[in-house]
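Input: a single structure, listed below in structure tokens.
Here, each number is a calculation from the coordinates, and none is a lab measurement. Just so it is clear, the structure is predicted and the values come from calculations on it, not from any experiment. Cβ: placed from backbone, ideal geometry, glycine included. Neighbour counts: every protein chain shown.
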Amino acid sequence: MATHRLALAAALALSGCAGPADPAHGPTTPPAATVHGTIVQVGGPPGAEPGHPAGAVTVTRAGRQVAEQKVAEGGEFRFTLSPGAYRLAVKGVDGGCAPTDVTVPAGDADQQIELTCQRK
């Protein structure tokens, strides 16, 4: 009886290591989504128009930087990210820029955001 239990336990353990049921397709990964947008600078003297300054956008996940992109004045940033929670932040822009939290859904999604900075 003990031998049968041991054989059954070994078979169950090895079946989990056998890999995917269909080796032609392999493991599946969720499709990535696109997060894109602009840096917008607001505030300043009365009547000032919002600007689109140059800067760098960093993307962090769980406190670890996963991407960075330089953005030209008036330009757009674009990241392709796996599903999950991220924080986008702006560097190199005069004034204060609040980080923005983004949740990327599973599936082929497209999110447009504005990263807002306050002029001094």
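Looking only at region 65-114, residues that are under 11 Å from Pro53 (Cα atoms), aliphatic (A, V, I, L, M) and touching a strand residue (DSSP E or B) at 6+ places or on another chain (Cβ under 6 Å) come to 3 in all. The residue that is nearest to the chain's Cα centre (by Cα), counting only those in region 85-101 that are at negative phi and either in a loop (DSSP other than H, G, I, E, B) or among the polar types (S, T, N, Q) (or both), is Thr100. Using the structure shown, decide if Lys120 is exposed (fewer than 11 other Cβ atoms within 10 Å of the Cβ), at negative phi and in contact with a strand residue (DSSP E or B) (Cβ under 9 Å, 6 or more places away or on another chain). When the stated conditions are applied, Lys120 passes them. Within the option set Ala106, Ala67, being outside any strand (DSSP E or B), under 12 Å from the mean Cα position of the chain (by Cα) and either under 14 Å from Val40 (Cα atoms) or not β-branched (Val, Ile, Thr) (or both) holds for one residue only, Ala106. Within region 85-120, the set of residues being free of Cβ contacts under 8 Å to residues at least 24 places away in the same chain and of a type in the set (D, E, K, R) comprises just one member, Asp101.
Residues of region 48-84 that are out of contact with any Lys or Arg (no Cβ under 7 Å at 6 or more places or on another chain), under 15 Å from Pro99 (Cα atoms) and touching a residue at least 24 places away in the same chain (Cβ under 8 Å): Val57, Val59, Arg61, Phe77.
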